[in-house]
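To start, the structure itself, in structure tokens.
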Amino acid sequence: MKEMKKINEGEAKLVLSEKVFFNPQMELCRDISSLAVEACCENFGKEMHLVDGLCASGARGVRYAKENSCVGRVEFVDVKEDACKLAERNAKLNKLKNYEVHCCHINDFLFHNRGFDWVEIDPFGTPLPYLQSAIASFRKEGMLSITATDTAVLCGAHPKACLKNYGAKPIDNEYCHETGVRILAGAVVRYASSLNFGAEFYLSLSLQHFFKLFVRLRTGAREAVENVKKLGYISHCPKCLNREWRLNPPILKEKCPRCGGKFEHAGPLFLGELWDIRFLREMRRINQQRSYVNKWKIDELLAVMEEESGMPPTYFDLHKVAEKLRKSPPNFESFISKLGEKGFRVSRTHFKRNSVRSNAGIKDVSSAFQ
Ligand SMILES: C[S@@+](CC[C@H](N)C(=O)[O-])C[C@H]1O[C@@H](n2cnc3c(N)ncnc32)[C@H](O)[C@@H]1O
Ligand SMILES: [Zn+2]
């Protein structure tokens, strides 16, 4: 096989080939995922059996095993022979002891093998075609790690494709990344529920061109039903920036009660919690002990997620609000303090700069511009 180059990423040495996909920009995503694996170790209380589902060079599986001593065994799966050969080579190069490379369709592998602790689904585009087999491959519980790069679809650039793939209406506005993540999370909840699993979102991330979700799945009809009850809709008024959210089954208002403008709706989507604060804190603690190039970037991201967990499911882009009010955007830090002094909960959001999450509505956010 013609080699392109050798690189180091995290604790791994990787051989790359021009025939096999590898995106160096996803290092940060792989760093975060490796931290998430370690943060899960205690939960399982045993060696983890992990699937690197669409493995390409095997970068993820190799890193997860090398960087986290709790990983017991890795199954590398890719449909392309060149990828399988490269994953085998990288596993050997990094002296992995307990692994196997499977050259087949991921759904075939997952439908015929069960009982994993962590299933990684890192496809080109949407993870939807692999969700059912991934969730069904867990026995009582497991961690699902999914990447989606069809962010343009989920964020409303192609609403028909979103309706076709996810059965949901997206919204193309200043918080479209969050509604996109919530539409994806909603799809996970529906698949999980149909297989009698409840889903808990440990971490949800939107960065560059991708979304990443770490989801804890546990069998149980009650948990599944509770999750489905958290599906609903967000209604947004583009005229005055008012927004409302409603759980299923919704009676959606046509008009914004604040200004009479026409509401735009997004959903069905997941309105529940996108982060688990203890998990984020554990990841931050582990990150302190690592020497990733992205260490401080990761710490900042996790810190912001800690702030935004437990907050309402949309945020206000202060530039957008300023534009509506025909005012100049306020100083970000002073605005946060001002809203806080008025008694509201307020946080930053990792989804967008210069944006705040708050239990204040648009009226109080606007009056804090005075
Ligand atoms: C985005 S790349 C994976 C990148 C890799 N996880 C990383 O971090 O570098 C997607 C990989 O999925 C493989 N693939 C596509 N469809 C597949 C399928 N149905 N089953 C298994 N592998 C598949 C492709 O050959 C490709 O290597
Ligand atoms: Zn309005």
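For segment 55-73, state whether one or more residues are within 9 Å of ligand 1 (Cβ to nearest atom), touching a Phe, Trp or Tyr at 6+ places or on another chain (Cβ under 7 Å), farther than 30 Å from Asp299 by Cα and of a type outside the set (Phe, Trp, Tyr). Checked against the condition, which is being within 9 Å of ligand 1 (Cβ to nearest atom), touching a Phe, Trp or Tyr at 6+ places or on another chain (Cβ under 7 Å), farther than 30 Å from Asp299 by Cα and of a type outside the set (Phe, Trp, Tyr), segment 55-73 yields no hits at all.
For every residue, the table says whether it meets (1) in contact with a Leu (Cβ under 9 Å, 6 or more places away or on another chain); (2) at negative phi.
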site: Ala56; (1), (2): yes, no
site: Val77; (1), (2): yes, yes
site: Ala83; (1), (2): yes, yes
site: Ala91; (1), (2): no, yes
site: Asn94; (1), (2): yes, yes
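Taking the conditions exactly as written (closer than 27 Å to Cys155 by Cβ, under 26 Å from the mean Cα position of the chain (by Cα), among the charged types (D, E, K, R) and surrounded by fewer than 21 Cβ atoms within 10 Å (Cβ to Cβ)), does Arg357 satisfy them or not? In short, no. Per this entry, Cys29 is counted among residues that are in the same structural domain as Ala187 (by TED's automatic domain parsing), near ligand 1 (Cβ under 8 Å from one of its atoms) and either buried (at least 21 other Cβ atoms within 10 Å of the Cβ) or under 19 Å from Leu203 (Cα atoms) (or both). Applying the set (1) touching a Lys or Arg at 6+ places or on another chain (Cβ under 6 Å); (2) within 16 Å of ligand 1 (Cβ to nearest atom); (3) of a type in the set (S, T, N, Q) to Asn294 leaves exactly one unmet item: (1). Quick check: anything in segment 324-336 farther than 30 Å from Glu38 by Cβ, touching a Pro at 6+ places or on another chain (Cβ under 8 Å) and more than 16 Å from ligand 2 (Cβ to nearest atom)? Checked segment 324-336: no residue is farther than 30 Å from Glu38 by Cβ, touching a Pro at 6+ places or on another chain (Cβ under 8 Å) and more than 16 Å from ligand 2 (Cβ to nearest atom). Residues that are within 29 Å of Ala221 (Cβ to Cβ) and small (Gly, Ala, Ser) were ranked within segment 123-165; the one that is farthest from ligand 1 (Cβ to nearest atom) is Gly142.
One line per residue, one yes/no per condition, for (1) at pLDDT 95 or above; (2) within 16 Å of ligand 2 (Cβ to nearest atom); (3) closer than 18 Å to Tyr202 by Cβ; (4) in the same structural domain as Glu200 (by TED's automatic domain parsing):
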position	(1), (2), (3), (4)
Gly45	no, no, yes, yes
Met48	yes, no, yes, yes
Gly58	yes, no, no, yes
Tyr64	yes, no, yes, yes
Ser69	no, no, no, yes
Lys80	yes, no, no, yes
Glu88	yes, no, no, yes
Ala91	yes, no, no, yes
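Just for segment 1-20: of the residues that are over 27 Å from Asn287 (Cα atoms) and surrounded by 14 or more Cβ atoms within 10 Å (Cβ to Cβ), which one is nearest to ligand 2 (Cβ to nearest atom)? The selected residue is Val20. The residues of segment 177-198 that are within 17 Å of Gly267 (Cβ to Cβ) and crowded, with 23+ Cβ neighbours inside 10 Å, listed by number, are Glu178, Thr179, Gly180, Val181, Arg182, Ile183, Leu184, Ala185, Gly186, Ala187, Val188, Val189. If the condition is being in a helix (DSSP H, G or I) and of a type in the set (Ser, Thr, Tyr), then segment 49-90 contributes only Tyr64.
To keep it simple, each residue is scored yes or no on (1) crowded, with 18+ Cβ neighbours inside 10 Å; (2) in contact with a Leu (Cβ under 9 Å, 6 or more places away or on another chain).
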residue	(1), (2)
Gly310	no, no
Ala322	no, no
Lys327	no, no
Phe332	no, yes
Ile336	yes, no
Leu339	yes, no
Phe344	no, no
Ser347	yes, no
His350	yes, yes
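The values are calculated or read from the model by the stated rules, or taken from the named source; none is laboratory data. Note that the coordinates shown come from a computational prediction; the quantities given were computed from them, not determined experimentally. So basically every Cβ, Gly included, is an ideal-geometry build from the backbone, and we count neighbours across all protein chains shown.
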